[in-house]
Amino acid sequence: MSLLKKLFKPFLIVAPYVLRNSQTVAYPDERLVFAERFRGRHKLHFDRCIGCGTCARVCPDNSIVLVEAEGHEGKYPQIDYGTCSLCGYCVEFCPKAALEFTDLVEFSTRDASELVYSPERLAEVPSIKEVVPRLKRRIEPYLTKTEMKYRKVEDL
Amino acid sequence: MTEPEIKPDIMRISWGPQHPMSGQTRILLDVDGEKVHRIIADLGFTHRGIEKILENRTFLKGIIPIERMVMVDTANIGLGYVLAIEEALGVEVPERANWIRSMLCEMTRINSHLYAFGLQAEATGYFPAVFLWTTIDREVLLDLMEKLTGARWSYNFFLPGGVHHDLPEGFQEEVLEGVDYLRRRFQQYWDAMVENATFEMRCKGVAVLKKEDAIRLGATGPVLRGSGVDMDVRKDEPYAAYGDLDFKVITETAGDSMARLKVRFHEIEQSLNIIEQVANEIPGGPVKTRVPLFARAKPGEVFSRVETPRGEMGIHLFTDGGMNPYRVKINSPTLRNMYVFERLAELDEILVADLTVVINSIDPWYLDSDR
Amino acid sequence: MFTTLWNWLVNALFGLPGAIWRFAVGFLTWLPGALLRLPGWLWRFLWINFKPLMQILILPGLAFILVFAIIAVWFERKFLARAMLRVGPYYCGKRAGLLQVFADFLKLFMKEIIIPYDAERAFFTMMPVLVPTLPALALVLIPFDQNWVLFDAGSLSLPMFFAIAGLAPLIPIFTGWAANNKYTAIGGFRVAFLYISAEIPLVICAAAVAIMAGSFDLVKIVEAQRDMWFAVPQFIGFVIFFLGVIIEAERTPFDVPTAETELVLGWRTEFSGILFGFTMMAEYVAFQAWALLFITLYLGGFNGPDIFGSTMYSHIFWLLLKFAILVPIIILLRCVFPRLRLDQTLRLGWYYLTPLAVLNLFIVLALKLWGVA
């Protein structure tokens, strides 16, 4: 009676799903812990940058322009996140490792001109609690035999 | 576009871009009651001019726009372009890099097939339960790829000359754990969804594509393999370590929507086997050879093919000695399958009610066909 | 003179609150007396008809239907969200989404009712009111206890249910036609196809139940199931009626008219605002009516052991318990099976269900003839 099997087996498999945890991340109360290599917002190190311009030349979207920065001599990169595709070339091909990635992705603003990050703004990276004030904990996924669950990594 | 004339007694319905289940394209249907007489696909809604964009980018920079052709399997398409560039520049790739490339390509293949499976289940009128479960299972793969490459879908991991980074610490164990988990989940999918009485009623015998027609019309990918033709670029012209890996090419003989779905399903299994092999047997060595950032290629033309989850994609690259390519012509799988889709109305009787099932069994991605 | 005028003014001003106070006290002391002295016929009428009034207003009448519709919408969204491994309504109402249904209902009230230019205005605005009313009319026949039937039609109750429910396909046809839209008319016709193909097996199965119980009265049918539910000897009829409930309530896997046609919602497409809210509610009212009939015919109705001390409360409790177990199963089916095409549904109704229903009738006749049941 394969027809009966095809009618009842799906029901018996699906019914226990109701008792499982929901696999959603309750942002902004929770936030995932991203991988180490995660490509988020950039961070600029003023002391390492020599102003060679490799990042500007290698950027595929022409998002980097070298400008003057306050309090520092020479020219430093300014990144326009309106066109930046977070590809990672500037980080990888910088000869002095002056640009690196953080894990912030909260770029949203009300004014598109605020998306152009000046070198000073690139250099200081706010903590995650300042950017998302409602955040309560960081979670990470882990696999059990039947489902993927989230466990708490740290409280904030 | 100039539309053909409407015959009397036939109603022309425009299944336009604003339809919930049509995707981002416009399809004109000539309908007589329930039966569809003729399908005219009006593509081009999402044309972005990628081929022209690539003419203004250097080889290294050009990998970024071409990856955005299909969002669920960026790795395979990026690999196609990178293979063409490497052949034009004459670059040797170390073996470890090839194995890592295969692993990432197979992970994206699973990703894309899960997405297609969820969409087809949703097209049969399933409440989006299956689509959400496949989305959750894709999370496992996306987390793995995030650990490896740093991004969830726009990996930008391939470089002319190898890959950007090596495998991180402890990656092999995590990969094996993920593969194990996915194998258990697929057993559940098979029992609950594919062997489901109503799902079979909706998908079996719908839009049968016979073997001769598939070859004559130029189908590709699971559409071709679902009709019994044994063609797969990974076996015919192996690239990136597929020559060393052990896997089967899945074919089914029925040629209907269910057969195409089963091809995708079993291909996921084969991909899992490949990933396991790579995780266990990957050789050591460097992962990239040094290629100048703004390299120039000798004038000439290069053709490279890869097997994306939707079919075979070809990239024809013309170089003229500069830093940018002279012309890039992309032969996308969805465009060829859409041609087959148009002819399906003449080959087999399609009802309007089955249209969503048929479209999603072909698995089009319209950004791929419109480029 | 000025002093008297001044005194009068001061007295009036300061006495104003006092005057108001005295007026209020006088009114409140007069009110109960006047109420009790209201026409005696009004009080006698309320006292004599207290039980029917309770039935009409609370159970199984207005409050029961509305509360079930509200709970069912919330429950369906949460339950199916759980089956899909997500959360469902979350923010409206203390993290459980309890007020989400009210929020949606209020939103529907506030929306503008758009009537198409060429539509038949009278039909268009009147039909959505009828859509939940007809199944509610059928609901009044269900017995919650031997003495708690809203309309005790005696031995006519089972045929009357089918008579009222048989009017149900007319309304989508009228509505689809009234909206003056090709696609809604087609949607209405499809609903008619669906309902007609489902009604015939259901009527045959109900006839088999009535034969086994020996009467058409719903109360007597329930009493005849005191020893054994009719689901056991009439297993085929049980399955057919179960499928019939899902078809009549237009739920997946048989919700062909709702989501199948080229256009969005079939015959309901052109409605907006509270008219749309009525059609949404109608789905749950129809579901309720048919599910309760199913329980009455096959699952023993209100029978059950006595736990509250008084049989009436126990009976009501058992009926509601069986209902509460049946509803999640039918809702979960939406997550398990995809939707059938129209021709597949009609084939199911005509080729498979009708012969099986006739077979069921023969089995019952045979059992009755051999004196087994």
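The values are calculated or read from the model by the stated rules, or taken from the named source; none is laboratory data. A quick note: this is a predicted structure, and the numbers were derived from the prediction, not measured. Glycine gets a Cβ as well: all are built from the backbone with ideal geometry, and neighbour counts include every protein chain shown.
The residue of segment B:165-186 that is surrounded by the most Cβ atoms within 10 Å (Cβ to Cβ), among those that are at the interface with chain A (Cβ under 10 Å from one of its Cβ atoms) and either in a helix (DSSP H, G or I) or touching a Gly at 6+ places or on another chain (Cβ under 7 Å) (or both), is B:Leu182. Scanning segment C:75-88 for residues that are touching a residue at least 24 places away in the same chain (Cβ under 8 Å) and either of a type outside the set (Phe, Trp, Tyr) or in contact with an Asp or Glu (Cβ under 7 Å, 6 or more places away or on another chain) (or both) yields C:Glu76, C:Leu80, C:Ala83, C:Met84.
From the set of residues in segment A:38-62 that are without any contact (Cβ under 8 Å) to a residue 60 or more places away in the chain, within 17 Å of A:Thr102 (Cβ to Cβ) and surrounded by 17 or more Cβ atoms within 10 Å (Cβ to Cβ), which is nearest to the other protein chains (Cβ to nearest Cβ)? Here the residue is A:Cys55.
In the list B:Gly311, B:Gly321, which residue meets the criterion of being modelled with pLDDT under 90, away from chain A (no Cβ under 14 Å) and touching a Leu at 6+ places or on another chain (Cβ under 8 Å)? If you could, list the steps in order and put the result at the bottom.
On the way: B:Gly321 fails: touching a Leu at 6+ places or on another chain (Cβ under 8 Å).
When all the criteria are applied, what remains is B:Gly311.
Please report, ordered by residue number, the strands (runs of 3 or more DSSP E) entirely within segment A:26-69 with at least 1 residues that are farther than 26 Å from A:Val131 by Cα. Walk me through how you get there before you give the answer.
Details: elements: A:30-32, A:42-44, A:64-68.
By residue number, A:64-68.
Mind checking which residues of segment C:15-74 are free of Cβ contacts under 8 Å to residues at least 60 places away in the same chain and within 30 Å of C:Leu332 (Cβ to Cβ)? C:Ile58, C:Leu62, C:Ala63, C:Phe64, C:Leu66, C:Val67, C:Ile70, C:Ile71, C:Trp74, listed by residue number.
Among the candidates C:Gly349, C:Gly304, C:Gly309, C:Gly300, single out the residue that is farther than 22 Å from C:Gln146 by Cα and small (Gly, Ala, Ser). Talk me through it step by step, then tell me what you get.
Working: C:Gly304 fails: farther than 22 Å from C:Gln146 by Cα; C:Gly309 fails: farther than 22 Å from C:Gln146 by Cα; C:Gly300 fails: farther than 22 Å from C:Gln146 by Cα.
Selected residue: C:Gly349, the only one of C:Gly349, C:Gly304, C:Gly309, C:Gly300 that is farther than 22 Å from C:Gln146 by Cα and small (Gly, Ala, Ser).
Within segment C:89-107, the set of residues being under 24 Å from the mean Cα position of the chain (by Cα) and either more than 13 Å from C:Ile70 (Cβ to Cβ) or without any contact (Cβ under 8 Å) to a residue 60 or more places away in the chain (or both) comprises C:Pro89, C:Gly97, C:Leu98, C:Leu99, C:Gln100, C:Val101, C:Phe102, C:Ala103, C:Asp104, C:Leu106, C:Lys107. A Cβ distance below 9 Å, combined with a sequence gap of six or more or placement on separate chains, defines the contacts here; from segment A:134-146, residues that are without any contact (Cβ under 8 Å) to a residue 12 or more places away in the chain and at the interface with chain B (Cβ under 9 Å from one of its Cβ atoms) reach residues that are aliphatic (A, V, I, L, M) and surrounded by 15 or more Cβ atoms within 10 Å (Cβ to Cβ) in the pairs A:Leu143/B:Val140.
A:Phe93 falls short on exactly one of the conditions (1) more than 14 Å from chain B (Cβ to nearest Cβ); (2) within 25 Å of B:Phe157 (Cβ to Cβ); (3) surrounded by 15 or more Cβ atoms within 10 Å (Cβ to Cβ), and that condition is (1).
Residue count for segment B:78-121, restricted to those that are of a type in the set (Val, Ile, Thr) and touching a Ser or Thr at 6+ places or on another chain (Cβ under 6 Å): 1. In this structure, is C:Ile71 in contact with a Ser or Thr (Cβ under 8 Å, 6 or more places away or on another chain), among the hydrophobic types (A, V, I, L, M, F, W, C) and under 26 Å from C:Pro172 (Cβ atoms)? Spelling it out, it is not the case that C:Ile71 is in contact with a Ser or Thr (Cβ under 8 Å, 6 or more places away or on another chain), among the hydrophobic types (A, V, I, L, M, F, W, C) and under 26 Å from C:Pro172 (Cβ atoms).
For segment C:264-300, give me the residue count where each residue is closer than 28 Å to C:Ile316 by Cβ and either among the aliphatic types (A, V, I, L, M) or part of a loop (DSSP other than H, G, I, E, B) (or both). Going through segment C:264-300 one residue at a time, the tally reaches 13.
Checked against the criterion of being assigned to a loop (DSSP other than H, G, I, E, B), within 14 Å of chain B (Cβ to nearest Cβ), modelled with pLDDT under 85 and in contact with a strand residue (DSSP E or B) (Cβ under 8 Å, 6 or more places away or on another chain), segment C:239-256 has no qualifying residue.
Looking at B:Leu209, is it surrounded by fewer than 23 Cβ atoms within 10 Å (Cβ to Cβ) and either among the aliphatic types (A, V, I, L, M) or within 9 Å of another protein chain (Cβ to nearest Cβ) (or both)? It is false that B:Leu209 is surrounded by fewer than 23 Cβ atoms within 10 Å (Cβ to Cβ) and either among the aliphatic types (A, V, I, L, M) or within 9 Å of another protein chain (Cβ to nearest Cβ) (or both).
One residue stands out among those in segment C:321-370 that are among the aromatic types (Phe, Trp, Tyr) and under 28 Å from the mean Cα position of the chain (by Cα): the one that is modelled with the lowest pLDDT, which is C:Phe337. C:Ala119 meets all of the listed conditions (1) in a helix (DSSP H, G or I); (2) more than 14 Å from every other protein chain (Cβ to nearest Cβ) but one, namely (1). Examine segment B:149-164 for a residue that is within 11 Å of another protein chain (Cβ to nearest Cβ), farther than 30 Å from C:Asp255 by Cβ and in a helix (DSSP H, G or I), and state whether such a residue exists. Looking through segment B:149-164, at least one residue is within 11 Å of another protein chain (Cβ to nearest Cβ), farther than 30 Å from C:Asp255 by Cβ and in a helix (DSSP H, G or I). B:Gly44 fulfils the conditions (1) away from chain A (no Cβ under 14 Å); (2) surrounded by 15 or more Cβ atoms within 10 Å (Cβ to Cβ); (3) not basic (Lys, Arg) except for a single criterion, (2). Filtering segment C:156-209 to residues that are crowded, with 24+ Cβ neighbours inside 10 Å, modelled with pLDDT of 80 or more and either hydroxyl-bearing (Ser, Thr, Tyr) or on the phi > 0 side of the Ramachandran plot (or both) leaves only C:Thr175.
Of the residues in segment B:52-64, at least one is without any contact (Cβ under 8 Å) to a residue 12 or more places away in the chain and surrounded by 15 or more Cβ atoms within 10 Å (Cβ to Cβ). Check whether at least one residue in segment C:35-44 is out of contact with any Gly (no Cβ under 8 Å at 6 or more places or on another chain) and under 30 Å from B:Ile136 (Cα atoms), and report yes or no. Within segment C:35-44 (the criterion being out of contact with any Gly (no Cβ under 8 Å at 6 or more places or on another chain) and under 30 Å from B:Ile136 (Cα atoms)), the answer is no, since none of the residues qualifies.
Here's the yes/no breakdown for (1) closer than 17 Å to B:Phe158 by Cα; (2) at pLDDT 90 or above:
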site	(1), (2)
B:His47	no, no
B:Glu67	yes, no
B:Val72	yes, no
B:Ala75	yes, no
B:Tyr81	yes, yes
B:Glu92	yes, no
B:Phe117	no, no
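Please verify whether segment A:20-29 includes one or more residues that are without any contact (Cβ under 8 Å) to a residue 60 or more places away in the chain, crowded, with 17+ Cβ neighbours inside 10 Å and within 29 Å of B:Val140 (Cα to Cα). No, every residue in segment A:20-29 fails to be without any contact (Cβ under 8 Å) to a residue 60 or more places away in the chain, crowded, with 17+ Cβ neighbours inside 10 Å and within 29 Å of B:Val140 (Cα to Cα).
Results for (1) within 14 Å of chain B (Cβ to nearest Cβ); (2) in a helix (DSSP H, G or I); (3) surrounded by 15 or more Cβ atoms within 10 Å (Cβ to Cβ), shown as yes or no for each residue.
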site	(1), (2), (3)
C:Pro305	no, no, no
C:Leu332	yes, yes, yes
C:Leu340	yes, no, yes
C:Tyr352	yes, yes, no
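Of everything in segment A:107-144 that is outside any loop (DSSP other than H, G, I, E, B) and over 18 Å from the mean Cα position of the chain (by Cα), the residue that is farthest from A:Cys84 (Cα to Cα) is A:Leu143.
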